[in-house]
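Notes for the one structure printed next.
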Number of protein chains: 2
Amino acid sequence: MTETLPTGTQAAQSADTLELLGLVAQLELVAFARLAADAALAPTLAQRLQLTRFAATSVERRDRVLARVAELGGDPEAVLGSFAHVLDDFDARTAPSTWWERLLTAYVGYGVADDFCRHAAASLDEETRTLVLDVLGDVGHTELAVAELDVARADDEVLVSRLALWGRRLVGEALGVVQSLLATRPGLARLAAAASDGGQGGDGSARLFGELTAQHTRRMGRLGLTA
Amino acid sequence: MTETLPTGTQAAQSADTLELLGLVAQLELVAFARLAADAALAPTLAQRLQLTRFAATSVERRDRVLARVAELGGDPEAVLGSFAHVLDDFDARTAPSTWWERLLTAYVGYGVADDFCRHAAASLDEETRTLVLDVLGDVGHTELAVAELDVARADDEVLVSRLALWGRRLVGEALGVVQSLLATRPGLARLAAAASDGGQGGDGSARLFGELTAQHTRRMGRLGLTA
């Protein structure tokens, strides 16, 4: 047995890191199920093929995150499983009723969760941070949503204003998920607070929610929708 | 414009090749949807993760087959789409009612379709044949089914005899799919017949069904089930 045990601080830091990695892995696992469901409902074969590719990518990303969990001495399944129901409430409250709403739910709702993970990742060790940012950095799905909503916009102004409303509902629910994570997961709360403190001081939580809202507004803007 | 047009025979051969590639690609697309559904229902997280990996592999395989379609001058979506409903009847008639039945449906039912494609692939050009055999050659899913049914067998003899019965029903339905493909797809019928003629002469169709049945029996045997 080697005796290079981590100090108390390092051990706590490492537990917080595993917590964030568990959340990221769970988000990718949920993304797989959602993308597979979207693929089954896609209006065209080309979209279906594309969505199955995104689903495959989510599997690869999740496994990269779980490999890092194992490298850090964590139990991948336990770490992942501890977030098993993280989006259940969100999904139940935001069941989409059209293909466009589905796309927006994926892009906007899960986008907020990804942004939160990216924010909190600023507090991680460099290798883990790079991995998390890389895993969450893919824009393929964004491009699909943008292209599809461009078609919608050209076609139907009523649809567009309904989707803007849907986007506002989604972001409200998604920010609620983040709030509940901060309240129930001290490790995530510590990472998020440390990431915010890296800024100009003041209320870290207010800054975080301001940042998430600003990113949401940008995202809606890319779709040509009013946030 | 180059003037190296294929001769009539080569063009017909090429159309038959595209037909088989379309079927293989469609089987992988259907496999994705089924594996994603199986993952959602998997009793343990470890199985769920494994099934999402198989689903991701099916996407990669399908895309390799579609890339070959494009190389051969075919339209990947058209070739794939022409088999859009190939397993609809099979799926409707063999809706599994338990997790074990689901596993067996995947392993036994789709196994017959894969065997048919492998058989017909013997008539393809070498590069395409190697690709098809490679794409259909993975045994990961087999191992999951075998491991799971080992658990069942140790546990419950009634379940095992029910699954043997289920397997017989599946193979009947699956052979029906092959029969219907041979009757409605002249290209596949030609490839299958040519592959059988590579043998000792006689009735190619009878030989094909004999071969598919023998492979089914071996497959059930690996699971410790009576065919």
- Total charge of the residues flanking B:Val108 in space, meaning their Cβ is under 12 Å from its Cβ, with Lys and Arg +1 and Asp and Glu -1, is +2
- Query: Placing a label point 7 Å from Cα toward Cβ, how far apart in nm is A:Ser161 from its equivalents in the other copies, listed shortest first to one decimal?
  - Reply: 6.9
- For A:Tyr110, what accessible area in Å² do you get when you roll a 1.4 Å probe over the heavy atoms of the protein chains, rounding to the nearest 10? 20 Å²
- Can you list the distances in nanometres, one decimal and ascending, from the B:Ser97 label point to the identical position in each other copy, with the point 7 Å along Cα to Cβ? 3.6
- Message: From Cα pairs below 8 angstrom and at least 6 apart in sequence, can you work out the relative contact order of segment A:1-103, rounded to a whole percent?
- Response: 33 percent
- Mind listing P(r) for chain B? All alpha-carbon pairs, 5 Å bins, whole percents. 1, 7, 14, 18, 19, 16, 11, 7, 4, 2, 1, 0, 0, 0
- Query: In what sequence, largest accessible area first, do A:Phe116, A:Phe54 appear using a 1.4 Å probe?
  - Reply: A:Phe54, A:Phe116
- Message: Counting just the Cα atoms, what span does the protein assembly as shown cover along each of its three principal axes? Round to the nearest Å and put the largest first.
- Response: 86, 62, 39
- Message: Which one, A:Leu21, A:Ala31, A:Leu41, is farthest towards the positive end of the dipole of segment A:1-128 when Lys and Arg carry +1 and Asp and Glu -1 on their Cβ?
- Response: A:Leu41
- With every protein chain in place, the accessible area of A:Val86 for a 1.4 Å probe, in Å² rounded to the nearest 10, comes to 30 Å²
- Distances from A:Thr44 to the same position in the other copies: list them in nm, one decimal, shortest first, using label points 7 Å from Cα along Cα→Cβ. 4.3
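The values are calculated or read from the model by the stated rules, or taken from the named source; none is laboratory data. Predicted model only: the values in this text are computed from it and were never measured. In this analysis, Cβ positions are derived from the backbone assuming ideal geometry, glycine residues included, and neighbour counts consider all displayed protein chains. We work out accessible area using only protein heavy atoms, side chains counted, and drop any ligands, DNA or RNA first. Shrake-Rupley method; radii C 1.70, N 1.55, O 1.52, S 1.80 Å.
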